[in-house]
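Structure first, then comments.
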Ligand code: FAD
Ligand code: UDP
């Protein structure tokens, strides 16, 4: 039986101040973290769950949908699933088959395409002639800045490849994306990007790289279906709006942690994004006069040493993602059809513009930096000493444990730049912890 997903806020809830709806668990947020918890708590632990989601769809930032051109697009930026954890693959495989992808991207700078992340092919493009891994290692040894323990995102790059490649590929992109100097960001930010001296030019490091075969949303719908009538979902519903109507024994919170505490210690910094999609029909794709004024360089055939790269028939650009570190306001153009494997005559590209976070905008990225980590620690301590501030105390059902707990999980509630697999892992672990806690 499919769980109830309905768009009306609070529609099935008792009116405020009359009898409240009682559930074992109230879950805030229908992203990977909230949905994994919902699935585990209902199917494995037999708990009743009410899940509230302020957006009008499942999946949080991993939501995908068919756009007006019939192209399956990732609504909130490209989501490349990858993991080294077989347990996560096994768990999600209950709800999806996989479309294997070697995620490959390009960078566009100085009027040409570059293989990226930096690898032997990039180095050869840089030299303008064939080379070897040994020569590249030698070059890097001569150019790297000797820093044993890189403390920030500038150091982590220059300690591997030196200033010139840092400035070509990392500095401008990072300044645009974060509106902070790489020196002010944790080493983990630019350290996410591999640098290799062989020809492996996959963007990601992990062993398992694949995308849900029918898309993320289809996978989320199957997770919800597995929950049956133990799960009720209210879309378009703000957590706070339903407080007077619900009582629960346990709360799973996956929203922003500073918002949960009414910004009592100050606002945490986030980065937001603006997505500009543009679709092309097969006729437009076949007409180079349309495309050449939009694309940075015309398609042509050639080896990786060539400055130009052909876009395959039916596509706008030569790779699923092209990064623009320097000369454009956007950071990347994503054409996800390359990754999804969808057979479709039309295509859609999305230009991604970094944006300051503020009212009415989505908090896409926590900012990994010493100052934000220090502020987050204040909220983190609060989660341990004061997990339900006064405005939430009323949520607890009579008969709940003397010391009920709240699960703070997900990217926003733990303020960490986590990937999807890490989020699923966190939720599975939390669900196991709750299973071992009889009162929860
Ligand atoms: P979210 O997906 O943010 O879900 C939280 C949900 O809670 C949201 O739907 C939100 O609307 C809801 N919510 C918040 N507050 C409230 C409230 N008060 N009331 C009701 N609902 C509320 N990961 C990868 O592994 N690979 C990638 O390639 C990748 N690319 C990414 C690209 C971009 C642009 C972004 C932003 C993220 C990317 N990620 C990627 C990270 C991935 O999106 C996250 O790891 C994952 O989606 C986090 O899931 P979550 O449930 O913690 O958070
Ligand atoms: N980055 C960069 N140049 C690039 C790609 C990435 O400087 O061409 C840096 C930038 O700071 C970025 C970070 O590396 O925010 C992580 O990149 P990733 O592509 O993993 O970011 P995400 O997909 O999470 O936005």
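Residue exposure proxy: 49, 248, ordered by other Cβ atoms within 10 angstrom of their Cβ from fewest to most, comes out as 248, 49.
Antiparallel beta bridges, as assigned by DSSP with both residues in the chain, represent about 55 percent of the total such bridges.
Judged by the ratio a/c of the largest to the smallest principal axis of the C-alpha gyration tensor, segment 118-191 counts as oblate, that ratio being 1.5 or greater while a/b is no larger than b/c. Relative contact order, whole percent, for the chain stands at 26, derived from Cα pairs under 8 Å and 6 or more residues apart.
Set the Förster distance to 30 Å, then compute FRET efficiency between residue 137 and residue 328 from the Cβ-Cβ distance, nearest 0.05. The calculated FRET efficiency here is 0.40. Relative to the longest principal axis of the Cα atoms of the chain, the long axis of helix 216-227 makes an angle of roughly 20 degrees. Footprinting exposure proxy ranking of 316, 275, fewest other C-beta atoms within 10 angstrom first, gives 275, 316.
Relative contact order of segment 118-191: 29 percent, from C-alpha pairs under 8 Å at least 6 residues apart in sequence. The alpha carbons of the chain stretch over 74, 52, 39 Å along the principal axes, in descending order.
Annotation for residue 200 and residue 69: the two label points, set 7 Å from Cα along the Cα-Cβ direction, are 3.4 nm apart. Among 243, 273, 428, the largest mean-square fluctuation in a Gaussian network model of the chain, built with springs joining Cα atoms closer than 10 Å, belongs to 243. Extension gain, residue 384 to residue 218: 0.36 nm times the residue separation minus the Cα-Cα distance gives 56.2 nm.
Quick check on segment 239-290: take the gyration tensor over C-alpha atoms, sort the square-rooted eigenvalues as a ≥ b ≥ c, and tell me if it's rounded (a/c under 1.5), prolate or oblate. In terms of gyration-tensor shape, prolate. For the options 320, 219, 19, a Gaussian network treatment of the chain with springs between C-alpha atoms closer than 10 Å singles out 19 as fluctuating the most. The residue 147 and residue 286 beta-carbon pair, evaluated with R₀ = 60 Å, returns a calculated FRET efficiency of approximately 0.75. Between residue 392 and residue 207, the modelled labels are 3.7 nm apart [label points 7 Å from Cα along Cα→Cβ]. Just checking the listed ones, 20, 351, 40: in the Gaussian network model of the chain with Cα springs under 10 Å, the one fluctuating most is 20.
Computed from Cα positions, the angle between helix 133-143 and the longest principal axis of the chain comes to roughly 80 degrees. Taking the longest Cα principal axis of the chain as reference, the axis of helix 153-166 is set at about 20 degrees.
Comparing Cα centroids, segment 361-388 and segment 120-174 end up 33 angstrom apart. The separation of segment 36-94 from segment 415-437, counted between C-alpha centres, amounts to 14 Å. Compared with the alpha-carbon gap, the fully stretched path from residue 276 to residue 45 is longer by 78.9 nm at 0.36 nm per residue. For segment 209-262, the Cα-based Rg and Dmax, in that order, read 15.0, 44 Å.
Computed from the coordinates by the stated procedures, all read-outs in this text should not be read as laboratory data. Not measured: the values here are computed from a predicted model. Note that each Cβ is placed from the backbone with ideal geometry, even for glycine, and that neighbours are counted across all protein chains shown.
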